[in-house]
Amino acid sequence: MHIPDGFLDTKTIVATSLFSLAGLGKALRSLSREMTSRKIPLMGLAAAFVFVAQMLNFPVVGGTSGHLLGAVLISVLAGMNAGIVIISLILVVQAFLFADGGILALGANIFNMAIVGSVIGTAMYRGIRLIAPGRWGFYVGVAAAAWCSTVVAAICCAGQLAWSGTVAWGIGFPAMAGIHMLIGIGEAVITAIVLAAVTATRPDLLSGRGPEDGNAAPLKPLGNAVVYGAIVVAGLALFVSPFSSRWPDGLEKVAARFGFDTARLSAPLMASPLAEYRMPGIGLVSVSTALAGTVGAAVVSVAAVIVVRAISRKSAKTS
């Protein structure tokens, strides 16, 4: 769902950039009040995991693939503001380092996937938890929120394309919503599986209450969780990402189907060192992708830790 440069006109770029700056600024301020030293390494680990998971495109139907958005996953683990900040950070790294999503379209991508995905997903999750407490309510809430966040983000993308005159709303809306209803199923399944694994092994890592609706689980040392999490991330990047589906994602498929894929800029605004998730100088595609993914995971992890440390220190100085 990463919008490339060329799909949006100037007014849409400006509007979405302003909305995203405002939303991200608010999330950063709120996160600075919520952040604890315990959460800092978890933020880095979550950023790395979602980055790698977004590389793992899964086949959907009709030659189309999808990938994890991850906003609900991070929001349930660390809170809505963390979801906004971490997904935004991932999108920035993807745009500048990997040419995945346009630089001018970065505001739109942050608005759709980070802000809308986290806010809508969190609202859906909390709403379901209110009416359906307990373990099943937790998993139904997580799955429904993940599905909804994907579909609503896709609808926002269709609206931006229509407002830009790229594709009519009557065409873009049903096409984007329809294919992302299917992609959202994969989002829901992956999110539920990951959170099931977390609740089964380390429920103390969840933000707030766990599936049993009792008090928060007693805190345990983070050392093993961070080490095992890093091993999982490295394994996905090195041994799974090279086998990701090469089919176009939902937006790419819709663009090709309705002929507006030619609106993409013929040349990027700036050179990206790891464009297309390839490590330069390595001819074997699988090895090149694995190494690029590992580098990307390390970059977003370190960047996340730096950002949350910085806002935590700023908050401590002003309090």
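A short reminder: the numbers here are calculations on the coordinates, not readings from a lab. Just so you know, these numbers come straight off a predicted model, no measurement behind them. In this analysis, Cβ positions are derived from the backbone assuming ideal geometry, glycine residues included, and neighbour counts consider all displayed protein chains.
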³J(HN,Hα) computed for each position of the range 226-234 - Karplus, 6.51 cos²θ - 1.76 cosθ + 1.60, integer Hz, glycine/proline x: 5, 5, 5, x, 5, 5, 4, 4, 5
Quick calc: nm separation of the 7 Å Cα→Cβ label points for LEU18 and VAL287 -> 5.1
Highest mean first, how do 254-264, 125-135, 142-152 rank when packing is the count of other Cβ atoms within 10 Å averaged over residues? 142-152, 254-264, 125-135
Highest average packing first - 113-120, 277-284, Cβ atoms within 10 Å: 113-120, 277-284
Using θ = phi - 60° and Karplus 6.51 cos²θ - 1.76 cosθ + 1.60, couplings along the range 177-184 (whole Hz; Gly, Pro as x): 5, x, 5, 7, 5, 6, 4, x
Pop out the ³J(HN,Hα) list for the range 253-259 in order, Karplus 6.51 cos²θ - 1.76 cosθ + 1.60 with θ = phi - 60°, rounded to Hz; leave Gly and Pro as x. 5, 5, 4, 5, 5, 9, x
Expressed as a whole-number percentage, the relative contact order of the chain with C-alpha contacts under 8 angstrom and at least six residues apart is 30
Compute a Gaussian network model of the chain, connecting alpha carbons closer than 10 Å, and tell me which residue from PRO242, PRO221, PRO203 fluctuates the most. PRO221
Would you mind counting up the charge near LEU97? Only other residues with Cβ under 13 Å from its Cβ, with Lys and Arg at +1 and Asp and Glu at -1. -1
Putting +1 on Lys and Arg Cβ atoms and -1 on Asp and Glu Cβ atoms, find which of VAL140, LEU31, PRO273 reaches farthest to the positive end of the dipole of the chain. LEU31
Once the principal axes of the Cα atoms of the range 119-257 are found, what is the range along each, listed largest first in whole angstroms? 53, 41, 21
Compute a Gaussian network model of the chain, connecting alpha carbons closer than 10 Å, and tell me which residue from GLY235, GLY223, GLY79 fluctuates the most. GLY223
Divide by every residue of the chain the summed helix terms, -39500 (n - 2.57) for each DSSP H run of at least 4, and state the resulting mean residue ellipticity at 222 nm, rounded to the nearest 500 deg cm²/dmol. -22000 deg cm²/dmol
Local electrostatic count, ALA175, Cβ distance below 9 Å [Lys/Arg +1, Asp/Glu -1]: +2
Select one label from (1) 0.95; (2) 1.77; (3) 1.09: the one whose number is Rg/Rh (Cα atoms, Kirkwood Rh) as derived from the coordinates shown. (1)
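Among residues other than ILE40 whose Cβ falls under 13 Å from its Cβ, what is the net charge (Lys/Arg +1, Asp/Glu -1)?
Its environment carries a net charge of +3.
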